[in-house]
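Enquirer: Sending over a structure as structure tokens; questions will come in a sec.
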Amino acid sequence: MNPIAIDVKNLVKVYHKRGQPPVRALDGISFAVPRGQIFGLLGPNGAGKTTTLKILTTLLPATSGSAHILGFDVERQPFEVRKNICVVLQENAADLYLSLRDNLRTYGRFHGLDARETETRANHVTELFDLGEYRNQRLIDLSGGLKRRLQVAKVFMVDKQVVFLDEATTGMDAINKRTTIQAIKQEARKGRTIVLTTHILAEAEELCDSLVIVDRGRIAASGSVEDVKLIGFKFVHVTMMFRRLNPRTIAALRQFTPVSMETRNTSIEMTLKKESDVLKVLRAAKRDKNFVNFEVGGATLEDVFVELVRMPREESR
Ligand SMILES: Nc1ncnc2c1ncn2[C@@H]1O[C@H](COP(=O)(O)OP(=O)(O)OP(=O)(O)O)[C@@H](O)[C@H]1O
Ligand SMILES: [Mg+2]
């Protein structure tokens, strides 16, 4: 069995709208997600998260690049892909005039479950997402946050291997969010691969095994959340990737007197004494027009995120 659930290579998406300049929403992003992981796609508004999700779920064609889900090509084998995935989009889709329970039932039956299985699964997700007290209420009478919780709960009616959640917890209060996050975690333990997008870093830190930060259609950083948990450790490890190495950049980085520094073909690895040096180092690296991206262990995700998004992008191509 292929250990990689999702394989994205060099995905580009340009939106063309009549009378408007084209929008390059994705500018060549690549990442791979191992099976059974919760993977986070992070980034500010307009970064390209939903666009990525729509391409991976066969709802939108890419301009170039490739994406495979469980080995199936999203463009050439969309039906195989759809058989194995389910998705919660950013906009809610549910029947407002049906009860919560009937919404779950409809979803189950639509996906081919028989009546008995539908009841069993509906009971399971109702309990898992703590929706019991609302089961007979029509959706139109529920709060926005609860509607959203149902929306997320619904996709767990059926056993799909890969689940995509676009801004799953939007509009939820802290308690609602907690319930939903716990339920998602439990479902992931069954071996499902879950991809979620968010701009809430704390959520990503809590849920994700690994993540990428997308900024203006490019991957600005990637790594495991274990790295992030190293906060408080004295030393911070930074790996920077370049299209090719420039001796001037290497010299500039040495100025930060790292604990260690190693250069490979197209990457530089540094261990820094202070967390506060990370952003300075990254700024210096970003001045190099061949800078591609970096991974960091030990700094807070929030710092890196804010700084990345604030940094003007060097036009490197
Ligand atoms: N159908 C479309 N036509 C033209 N431009 C679009 C279209 N959909 C998205 N875009 C543009 O593509 C870029 C990426 O949008 P996308 O919705 O993927 O971002 P996002 O990361 O999901 O943002 P958010 O956090 O606000 O949901 C934005 O500049 C957006 O305006
Ligand atoms: Mg979005």
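The values are calculated or read from the model by the stated rules, or taken from the named source; none is laboratory data. Quick caveat, the model's predicted, so the values are computed rather than measured. As a convention, Cβ positions derive from the backbone with ideal geometry for all residues, glycine included, and neighbour counts pool all protein chains shown.
Enquirer: For region 35-72, name all the residues that are assigned to a strand (DSSP E or B), free of Cβ contacts under 8 Å to residues at least 60 places away in the same chain and either within 18 Å of ALA204 (Cα to Cα) or of a type outside the set (Gly, Ala, Ser) (or both).
Expert: Scanning region 35-72 gives a single hit, PHE72.
Enquirer: Check region 245-262 and report whether any residue there is at positive phi, surrounded by 15 or more Cβ atoms within 10 Å (Cβ to Cβ) and modelled with pLDDT of 90 or more.
Expert: The answer is no, given that none of the residues of region 245-262 is at positive phi, surrounded by 15 or more Cβ atoms within 10 Å (Cβ to Cβ) and modelled with pLDDT of 90 or more.
Enquirer: Hey, any hits in region 177-192 for a residue that's in the same structural domain as VAL23 (by TED's automatic domain parsing), under 15 Å from the mean Cα position of the chain (by Cα) and crowded, with 22+ Cβ neighbours inside 10 Å?
Expert: Checked against the condition, which is being in the same structural domain as VAL23 (by TED's automatic domain parsing), under 15 Å from the mean Cα position of the chain (by Cα) and crowded, with 22+ Cβ neighbours inside 10 Å, region 177-192 yields at least one hit.
Enquirer: Which of the residues spanning region 156-171 are surrounded by fewer than 23 Cβ atoms within 10 Å (Cβ to Cβ), away from ligand 2 (no atom under 15 Å from the Cβ) and not in a loop (DSSP other than H, G, I, E, B)?
Expert: Matches in region 156-171: VAL162 only.
Enquirer: Still on this structure, I have one more. Restricting attention to region 9-48, report how many residues are under 13 Å from LEU70 (Cβ atoms) and either in contact with a His (Cβ under 7 Å, 6 or more places away or on another chain) or of a type in the set (Val, Ile, Thr) (or both).
Expert: Residues flagged as under 13 Å from LEU70 (Cβ atoms) and either in contact with a His (Cβ under 7 Å, 6 or more places away or on another chain) or of a type in the set (Val, Ile, Thr) (or both) within region 9-48 amount to 1.
Enquirer: In region 154-194, which residues are basic (Lys, Arg), within 19 Å of PRO3 (Cα to Cα) and free of Cβ contacts under 8 Å to residues at least 40 places away in the same chain? Full working, then the answer.
Expert: Within region 154-194, the subset basic (Lys, Arg) is 154, 160, 177-178, 185, 189-190, 192.
Filter once more, so that each one left must be within 19 Å of PRO3 (Cα to Cα): 160, 189-190, 192.
Correct list: ARG189, LYS190.
Enquirer: Quick check: is even one residue across region 200-211 within 16 Å of ligand 1 (Cβ to nearest atom), closer than 30 Å to PHE242 by Cβ, assigned to a strand (DSSP E or B) and within 14 Å of the chain's Cα centre (by Cα)?
Expert: Checked region 200-211: at least one residue is within 16 Å of ligand 1 (Cβ to nearest atom), closer than 30 Å to PHE242 by Cβ, assigned to a strand (DSSP E or B) and within 14 Å of the chain's Cα centre (by Cα).
Enquirer: Okay, moving on. Residues in region 145-153: is at least one assigned to a strand (DSSP E or B), at pLDDT below 90, within 16 Å of ligand 2 (Cβ to nearest atom) and on the phi < 0 side of the Ramachandran plot?
Expert: No, region 145-153 contains no residue that is assigned to a strand (DSSP E or B), at pLDDT below 90, within 16 Å of ligand 2 (Cβ to nearest atom) and on the phi < 0 side of the Ramachandran plot.
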